[in-house]
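Novice: Here it is, the structure, as C-alpha cells.
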Amino acid sequence: MRILLDEDVPRPSVELLRHVLRGHDVDHVHLIKWAGKKDLVLYQDAKRAGYDIVVTNDAAQMSDPDECREVKRAGMHRVSYKQRHPGLRGLAIAVASLVAAMPDAVAELANADGQRLVAIIGIDLTHKRFSIVDPRRDPPPYWPR
C-alpha cells in the first residue's frame, strides 16, 4: 500500500513508519513537495498519485463539511490520531501510538473492500510504560552480587 503522511504528522515519523511497514511505501507531503496543499485538493491529488491511505493529525478536518465530502469522494482510507497532551511528551505519546497501531491497521486496510476511516487510540497515560529498579536495594535475579 502507498501511504501519505499529511503535513501535521511530524517528519521524523516517516523513517519509523517505513521501518515498521516494510513492503509498503510511506511518503510525507514535505518530501513530495506538496507542503501547504489544502485538504480540499490533497485527497484527490493523493488518489490520482496512487496513494491508498492518508494519515493526519487534523482533528477539525471531519468537522468541515467540504473537507469531509472530499475525503469521501476520494474513496481513500483515512487514518487519524490526536496529540492529546502538550509539548514533547505529548508528541512522543502521539507518535508512539501511531507507530504502534499502523502495522495492524494497514494489514486490515489491505483487505478492506472499500474506504475505511481509522482513528488511532492513544497510549493510556494512566498506566506507566516503564519500571525502575534500584539494584542496590532490590537487585533483580540476574544482577551480579
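Laboratory data are not the source of any read-out in this text; all were calculated from the coordinates shown. Just so we're clear, the structure is a prediction, and the values are computed from it rather than from any experiment. Every residue, glycine as well, gets a Cβ built from its backbone with ideal geometry; the counts of neighbours run over all protein chains shown.
Novice: Taking only Cα atoms, what is the 0 to 90° angle, nearest 10, from helix 87-110's long axis to the longest principal axis of the chain?
Specialist: Around 60 degrees separate the two axes.
Novice: Another question about this same structure. Three principal axis extents, largest first, for the C-alpha atoms of the chain, in Å?
Specialist: Projected onto the principal axes, the Cα atoms of the chain cover 64, 32, 29 Å.
Novice: State the extension gain, in nm to one decimal, for the chain segment bounded by SER63 and ARG48, taking 0.36 nm per residue of separation less the distance between their alpha-carbons.
Specialist: Here the segment from SER63 to ARG48 would lengthen by 3.0 nm.
Novice: Something else now. Could you state the angle between the C-alpha long axis of helix 39-48 and the longest principal axis of the C-alpha atoms of the chain, as a value from 0 to 90 degrees rounded to the nearest 10?
Specialist: Helix 39-48 and the main axis of the chain meet at about 80 degrees.
Novice: May I pose another question? Taking neighbour Cβ counts within 10 Å as the exposure measure, how do LEU88, LEU109, LEU125 sort from fewest upward?
Specialist: By the 10 Å Cβ count, ascending, the order reads LEU88, LEU125, LEU109.
Novice: For the chain, set up a Gaussian network in which alpha carbons nearer than 10 Å are linked by springs, and say which option among ARG73, ARG129, ARG116 fluctuates the most.
Specialist: ARG129
Novice: Still on this structure: Magnitude of the Cβ-charge dipole of the chain, K/R +1 and D/E -1, about the Cα centre, nearest 20 debye?
Specialist: Roughly 460 debye, rounded to the nearest 20.
Novice: Taking the Cβ of GLN115 as the centre, find all other residues whose Cβ is under 9 Å away and add up their charges (Lys, Arg: +1; Asp, Glu: -1).
Specialist: +3
Novice: Placing +1 on the Cβ of each Lys and Arg and -1 on the Cβ of each Asp and Glu in the chain, which of PRO135, HIS30, LEU88 has its Cα farthest towards the positive end of the resulting dipole?
Specialist: PRO135
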